[in-house]
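This report refers to the structure that appears directly beneath it.
Read-outs: derived from the displayed coordinates by stated rules, not from any lab. Fair warning: this is a prediction, and the values are worked out from it, not measured in the lab. No Cβ is skipped: glycine too gets one built from the backbone with ideal geometry, and neighbour counts run over all protein chains shown.
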Amino acid sequence: MGFKRLWQACCRWWQRVWQRNAPVSAVPPALTLDPVQAESILMELLAGIAEAGWNRAAAQAFLIQKSCSASTLATWLEQFGAGLEPGHHDELAHRLQQLAHLQYGDLSQVAAKVARHLHPPPSNLPPAPPPGGPGGAGGG
């Protein structure tokens, strides 16, 4: 009887040691999102950042809660953004820029890229002078 209890105690100890040393993943496995799910998650994330002032940790916690990895959402966002026409989505571009400022890896990089696509920065070149204006041909 004593040996059996000793053996069980050793087995339980060994299991606890292995459980303690098992790697714990903070990010759930990547899931395939359908477009409606992905858009919903993105819009909730952008609203949390813009309206509730979420930081990177809060954004990460939200994605974990939704069982969505940042890389999965980034992949979807890149495809989604490519289908949008520039100049018609100023609010979305602004919110994506806010996501980009969180510096949340690939997701922030893709958000910045899509924001630039939707709302390209103005050109720094001065406007061309009108023909025949001051200093133009025919002045005199």
(request) Under 1.5 on a/c is rounded, so check that first for the stretch 54-97, then, if it is not, pick prolate when a/b is larger than b/c and oblate when it is not; a ≥ b ≥ c are the square roots of the alpha carbon gyration tensor eigenvalues. (result) oblate
(message) How would 116, 95 line up from fewest to most surrounding beta-carbon atoms within 10 angstrom?
(response) 116, 95
(request) For residue 16 paired with residue 32, estimate the spin-label separation in nm (one decimal), with each label point 7 Å from Cα along the Cα-to-Cβ line. (result) 4.3 nm
